[in-house]
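**Student:** Quick one: this structure, given as structure tokens, is what I'll be asking you about.
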Amino acid sequence: MMPSATDEEFDAALLEALRRGDEKAFAWVIDAWSPGMLRLARCYVPTDALAEDVVQEAWLGALRGFDGFEGRSRLRTWVLRIVANIAKSWGEREHRVTPFSSASFGEGPTVGAERFNPPGEPKAGAWRALPASWPALPEGELLSAEALAVVRQALADLPDAQRAVIALRDLDGYGSSEVCEALGLTEGNQRVLLHRARAAVRQRTESYFSDRQGRAHGEGQL
Amino acid sequence: MIFRRRRRPAPLSCQELVELVTDYLEGALDEQTRARFEAHLADCDGCSEYIEQMRETIRLVGRLGKGDLPPQARAKFMTAFEDWKTEQG
Ligand SMILES: [Zn+2]
């Protein structure tokens, strides 16, 4: 994402404060960016403790590098790239396969072929049964809390590369070009990972709602 | 006699459409494919529901929240700041 004027002004002010060693500015970026940085690091290294070490190293690297930062990307993207680079080399040291190998992209359709009419039949490739609509999930309701727990677990169960991309995009709010730049992905590969991740989380959420409905009907018959 | 409108591209099936949803939401489809996508969507309740569920999935992931930084991690990262200050002299 090309930085917008306001983003640029924001980054310029932030950078100026960080270069001058303003502790409040540093505390702000730590709080705002570290959760996403930790999640990203954890996709490369095997433990939470190592992820913390990676992020600590990245912050030190960033502090040393702020003076030379040229503003070709957003500051947060540049910091994220430092995390990815350190985490990648630490992961390799731990003999972990890089999460962004082609194997992590997955294969096959994201919606099971059994959901559609088979080839050769009338309306081949059309839904056999329409996806059932989902209940509304207002803030603060038990159902919402349960559904969010399902979504959280679905994210945790994704392959590392897919989890890294969906979390950066949909949870931390980074743009697609920021994610591509930080992780060294092409736009196309980033979209493949995002698509597979979102489709997998949608599927888990759908299964949760249909199981729940099944249970409710079962109880009704007692 | 079969009247062929040769210029009209084949319609997308539901099965094809679901694999294009992210490209569509990301604005990455070429113009012709986007037109086929939207034509299908306008006419298909199943795919409209599917794309709405993908949008809801995005919203739900967003609602997970970034989570709080564990206090010991925060303290560690602030140490980087102290280290750097010391380097600066
Ligand atoms: Zn359809």
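The values are calculated or read from the model by the stated rules, or taken from the named source; none is laboratory data. Computed from a prediction, not measured in an experiment: that's the story for all the values here. Positions of Cβ are backbone-derived with ideal geometry, glycine not excepted, and every protein chain shown enters the neighbour counts. Surface accessibility is based on the protein's heavy atoms, side chains included, excluding ligands, DNA and RNA. Shrake-Rupley method; radii C 1.70, N 1.55, O 1.52, S 1.80 Å.
**Student:** Across the stretch A:55-94, what is the number of residues that are within 23 Å of the chain's Cα centre (by Cα), charged (D, E, K, R) and within 17 Å of B:Lys76 (Cα to Cα)?
**Tutor:** 1
**Student:** Given the criterion at the interface with another protein chain (Cβ under 9 Å from one of its Cβ atoms) and open to solvent by 50 Å² or more (accessible area, probe 1.4 Å), identify the matching residue among B:Arg63, B:Arg34, B:Arg55. It would help to see each step written out before you state the result.
**Tutor:** Values: B:Arg34 fails: at the interface with another protein chain (Cβ under 9 Å from one of its Cβ atoms); B:Arg55 fails: at the interface with another protein chain (Cβ under 9 Å from one of its Cβ atoms).
The conditions single out B:Arg63.
**Student:** Could you check how many residues of the stretch A:119-143 are open to solvent by less than 60 Å² (accessible area, probe 1.4 Å) and more than 8 Å from every other protein chain (Cβ to nearest Cβ)?
**Tutor:** Kept after step one, since they are open to solvent by less than 60 Å² (accessible area, probe 1.4 Å), are these residues of the stretch A:119-143: A:124-127, A:131, A:134-135, A:137-138, A:143.
Those still in the list that are more than 8 Å from every other protein chain (Cβ to nearest Cβ) too: A:135, A:138, A:143.
Of the residues in that region, 3 qualify.
**Student:** Is it the case that some residue within the stretch A:87-102 is open to solvent by 60 Å² or more (accessible area, probe 1.4 Å) and closer than 25 Å to B:Glu16 by Cβ?
**Tutor:** Within the stretch A:87-102, one or more residues are open to solvent by 60 Å² or more (accessible area, probe 1.4 Å) and closer than 25 Å to B:Glu16 by Cβ.
**Student:** Which of (1) open to solvent by less than 40 Å² (accessible area, probe 1.4 Å); (2) more than 11 Å from chain B (Cβ to nearest Cβ) is the odd one out, the single condition A:Asp172 does not satisfy?
**Tutor:** With (1) open to solvent by less than 40 Å² (accessible area, probe 1.4 Å); (2) more than 11 Å from chain B (Cβ to nearest Cβ) applied to A:Asp172, the lone miss is (2).
**Student:** From the list B:Arg36, B:Arg59, pick out the single residue that is more than 16 Å from the ligand (Cβ to nearest atom) and in a helix (DSSP H, G or I).
**Tutor:** Details: B:Arg36 fails: more than 16 Å from the ligand (Cβ to nearest atom).
Of B:Arg36, B:Arg59, the one residue that is more than 16 Å from the ligand (Cβ to nearest atom) and in a helix (DSSP H, G or I) is B:Arg59.
**Student:** Right, another one. Working only within the stretch A:1-51, note down all residues that are touching a Leu at 6+ places or on another chain (Cβ under 7 Å) and not aliphatic (A, V, I, L, M).
**Tutor:** Answer for the stretch A:1-51, where residues must be touching a Leu at 6+ places or on another chain (Cβ under 7 Å) and not aliphatic (A, V, I, L, M): A:Asp11, A:Phe26, A:Asp31, A:Ser34, A:Pro35, A:Gly36.
**Student:** If I filter the stretch B:66-77 down to residues being in a helix (DSSP H, G or I) and within 7 Å of another protein chain (Cβ to nearest Cβ), which single residue comes out as surrounded by the most Cβ atoms within 10 Å (Cβ to Cβ)?
**Tutor:** Just the residues of the stretch B:66-77 that are in a helix (DSSP H, G or I), to begin with: B:71-77.
If we keep only those that are within 7 Å of another protein chain (Cβ to nearest Cβ) too, we end up with B:73-74, B:76-77.
Details: B:Ala73: 21, B:Arg74: 16, B:Lys76: 17, B:Phe77: 25.
That would be B:Phe77.
**Student:** Any idea how many residues of the stretch A:48-84 are over 21 Å from A:Leu171 (Cα atoms) and either open to solvent by 10 Å² or more (accessible area, probe 1.4 Å) or touching a Lys or Arg at 6+ places or on another chain (Cβ under 8 Å) (or both)?
**Tutor:** 16
**Student:** How many residues does the stretch A:175-192 hold that are surrounded by fewer than 17 Cβ atoms within 10 Å (Cβ to Cβ) and within 9 Å of chain B (Cβ to nearest Cβ)?
**Tutor:** Start the filter on the stretch A:175-192 by keeping residues that are surrounded by fewer than 17 Cβ atoms within 10 Å (Cβ to Cβ), which leaves A:175, A:177, A:184, A:186-188.
Narrowing further to those that are within 9 Å of chain B (Cβ to nearest Cβ): A:187-188.
The number of residues fulfilling the criteria is 2.
**Student:** Sticking with this one: B:Glu26 versus (1) at pLDDT 95 or above; (2) within 16 Å of the ligand (Cβ to nearest atom): which is the lone unmet condition?
**Tutor:** It fails just one condition, (2).
**Student:** Counting only residues that are assigned to a loop (DSSP other than H, G, I, E, B) and either among the charged types (D, E, K, R) or within 12 Å of chain B (Cβ to nearest Cβ) (or both), which one in the stretch A:144-166 is farthest from A:Gly106 (Cα to Cα)? Reasoning before the result, please.
**Tutor:** Residues of the stretch A:144-166 assigned to a loop (DSSP other than H, G, I, E, B): A:157-159.
Subsequent filtering for residues that are either among the charged types (D, E, K, R) or within 12 Å of chain B (Cβ to nearest Cβ) (or both) retains A:157-158.
Working: A:Asp157: 14, A:Leu158: 11 Å.
Going through the qualifying residues, I end up with A:Asp157.
**Student:** Look at A:Ser34 and say whether it is in contact with a helix residue (DSSP H, G or I) (Cβ under 7 Å, 6 or more places away or on another chain), among the polar types (S, T, N, Q) and open to solvent by less than 50 Å² (accessible area, probe 1.4 Å).
**Tutor:** Working: in contact with a helix residue (DSSP H, G or I) (Cβ under 7 Å, 6 or more places away or on another chain): yes; among the polar types (S, T, N, Q): yes; open to solvent by less than 50 Å² (accessible area, probe 1.4 Å): yes.
For A:Ser34, the condition - in contact with a helix residue (DSSP H, G or I) (Cβ under 7 Å, 6 or more places away or on another chain), among the polar types (S, T, N, Q) and open to solvent by less than 50 Å² (accessible area, probe 1.4 Å) - is met.
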